[in-house]
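Every number in this text was worked out from the coordinates using simple rules, so none of it is lab data. As the structure is a computational prediction, the values presented were derived from the model and not from experiment. All Cβ positions, glycine included, derive from the backbone under ideal geometry; neighbour counts span all protein chains shown.
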Amino acid sequence: MTQVVAKKQSKPISSYLLRRTKVRLLSIITLPMTWIVGVYIVSLFLLLITAFWNVDPFTSLVSPGFNLENFKMVLTVPAYIATSIRTLLIALSVTAICIFFAIPLGIYMAKIAKPWVRNLLAVAITLPLWAGYLVKIIAMRLVFTEEGFFNWAMAPFGIRGPGFSIPIVILTLTYLWFPYMALPVYTAIRQIPPNLFDASSDMGAKGFTTIYRVVFPLITPAVIAGSVFTFSLSLGDYLAARFTGGATQMIGSIIAQNINLNPPVAAAYSMIPIFFIVIYLMVARRTGSLERM
Amino acid sequence: MLRLSRLTKALLVAIVGFLLIFMYTPLFVLILNSFNESQISGWPIESFSTKWWIFAKDYQPIRDALLNSVLVATGAMIIASILGTLFAFALKGFDFFGKSTVNILIVLPIALPGIVTGVAFSNTYSNFLSPAGINLGYFGMIVAHATFCIVMVFNNVFARLRRMNPSLQEASADLGAGLWQTFRLVTFPQFRTSFAAGALLAFALSFDEVVVTIFTAPPGVDTLPLWILKEVGRPNQASVVNVVATVVILLSLIPVYVSQRLARAQEEER
């Protein structure tokens, strides 16, 4: 029998690090934290500072200063207020539609479909998620354009699409972000133990009552987690509005228009979606469903 | 089991069918239109040809854009892989004050709308760094992409580390291995599949990204999505755009497919 003898080696750095947890943690976390904070958080902070600056009307250069004009403008000019409200309503509609369709899909996949159908559907929902953001927007554009697929397919029924407008923007955003809602909802429904359904029906509940009283409360955290994505992603989007919305403007459209002409106004207006999202996150956090994300 | 009436079941099937049509029709219309012989896309397609595919193959702006996309995605992937893995190790192996904040910081670049991230970077580059004489140019775009890709690698590696048996590392240390040796011979082989899967997803995410790219790309540099964006700005959609869009679909599906395979292989390993 051969005997393996570990050679006694002294590894001063390793043994030092093994003894000092804090040093070990620091040596791991310093680099990534420097990146996230130094690159990203600092950028967000600088954006906030820029919102207080102004643009020199003669040189059209940004000059440092401190004034609340930009914020005042963003919060009082009617066109800006209307755009904020419109964007908020669009984002909420998209979220509502996603929830409305994700629940029946999840119930079907998790509790009714045969395993192979379930797996197929899981792939079918995930695939478009990666098919390309811009690709999906221009695909929707092709479908809903004047001489497009939708009007062609619906012509026999005498139906014509609304053309590029807010409803199509909502539809496009739903198309873009639906998987973010569908996947967590499906996972949550799958995790419901089957005996809960047996118990519910033993107590005399019909299918719908069971869905309403048993399924809904159990999937609420997943719905909220999914809605954070559908809401936040819709709120900040502007390319869907640009390509499928006709003249529709969203918060992002105005930020994008101003970023070169008047960066301070763009910066001030960026705080609006951040504000909405922070409020949304705080409400979501109170329900305790963010831990699952 | 959940008992539903026949009617309800039929309704559910109808909804699922409708959803699938809704999700796949636009993609098929787009892909078919890449074979449209006419220069302008439309429906119904009168005659099919591969002419725009052949045209796109040798068209220099498209080749340049593809090269840029691949370069940026590769750069972002490498940076994000290193940072994401470090984050995963820090958050898995240690308990410290502010841990949940760090978690939020990692997700933040992807949780905040692309336009906020894009405008924030653009503002820093053009109103702060540029006046100070620092022009990041091309690298600035990679930095922005890497930042929102970190979460992809982090999620995958963290999920794997959580299921790993820590006593293996302790055993390795007891046997006299140094930290690096343990990492190389014991820890890394256990999570390398998730690491690769996360890196591929980061690549796909960067390859597909457009909003942040609009605000951080240096003038005159196009990635594939940026090139599409410029072409679609015109009133009618040219068929050649659909060729590029189809290529984007295919190219972003490859890393996703491979990463799924990797994840499955890992499930079987255990």
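Here are a few things to note about the model shown:
- Oblate is the label for chain A, because a/c, from the alpha-carbon gyration tensor with a ≥ b ≥ c as root eigenvalues, is 1.5 or above and a/b does not exceed b/c.
- Selection among B:HIS145, B:THR85, B:LEU262 by position relative to the dipole of chain B gives B:LEU262 as farthest towards the positive end (Cβ unit charges, Cα centre).
- Relative exposure of A:LEU261, B:LEU201, judged by other C-beta atoms within 10 Å (fewest first): A:LEU261, B:LEU201
- From phi via Karplus (6.51, -1.76, 1.60), per-residue ³J(HN,Hα) for segment A:168-176 in Hz, x at Gly/Pro: 6, 4, 4, 4, 5, 5, 4, 4, 5
- Taking other C-beta atoms within 10 Å as the exposure proxy, A:MET271, A:MET140, A:MET109, A:MET203 rank A:MET203, A:MET271, A:MET109, A:MET140 from fewest upward.
- Where Rh is the Kirkwood radius over Cα pairs, Rg/Rh for the protein assembly as shown: 0.99
- Legend: mean number of C-beta atoms from other chains within 10 angstrom of residue C-beta atoms, peptide B:140-150, equals 2.
- Residue (of B:PHE94, A:GLN249, A:LEU120) at the positive-pole extreme of the protein assembly as shown, dipole from beta-carbon charges: B:PHE94
- With contributions of -39500 (n - 2.57) from each DSSP H run of at least four residues, the per-residue ellipticity at 222 nm computed over chain A stands at -22000 deg cm²/dmol.
- Helix-only CD estimate at 222 nm, as mean residue ellipticity for chain B, using -39500 (n - 2.57) per DSSP H run (n ≥ 4): -24500 deg cm²/dmol
- The slack between B:TYR138 and B:TYR59, meaning 0.36 nm per residue of separation minus the straight C-alpha distance, is 26.2 nm.
- Here's how it looks for A:ASN54: its modeled amide H is under 5 Å from those of A:SER63, A:GLY65, which are all 5 or more places away or on a different chain.
- Relative contact order of segment B:1-98, pairs being alpha-carbon contacts under 8 Å that are 6 or more residues apart, as %: 13
- Taken over segment B:116-212, the percentage of Cα pairs per 5 Å bin, counting from 0 up to the bin with the maximum distance, is 2, 12, 16, 14, 12, 11, 10, 9, 8, 5, 1, 0.
- Straight Cα distances below 19 angstrom link A:LYS11 to the lysines A:LYS22, with same-chain residues fewer than 8 positions distant left out.
- For the residues of A:260-273, the average number of beta carbons from a partner chain within 10 Å of their own beta carbon is 3.
- Ranked packing of B:127-133, A:78-84, most packed first, by mean Cβ within 10 Å: A:78-84, B:127-133
- Under 15 Å, Cβ to Cβ, from A:PRO104 - net charge with Lys/Arg +1 and Asp/Glu -1: +4
- Entry note: segment A:10-110 has Rg to Rh equal to 1.27, where both radii use alpha-carbon atoms and Rh is the Kirkwood radius.
- Rounded to the nearest 20 debye, dipole of segment B:1-153 from Cβ charges on Lys, Arg, Asp, Glu: 620
- Cα-Cα P(r), segment A:12-63, percent of pairs per 10 Å interval: 21, 25, 20, 15, 11, 7, 1
- Evaluated at q = 0.10, 0.13, 0.16, 0.17 Å⁻¹, the base-10 log of the normalised Debye intensity for segment B:60-269, with identical point scatterers placed on the Cα atoms, takes the values -0.52, -0.81, -1.09, -1.17.
- Arranged from fewest to most other beta-carbon atoms within 10 Å of their beta carbon, B:THR8, B:THR216 become B:THR8, B:THR216.
- Pairs of Cα atoms nearer than 8 Å and 6+ residues apart set the relative contact order; for chain A it is 24 percent.
- Per residue of A:140-147, other chain Cβ atoms within 10 Å of the residue Cβ number 6 on average.
- Set of lysines near A:LYS136 by C-alpha distance (under 17 Å), chain-local residues within fewer than 8 positions excluded: B:LYS230
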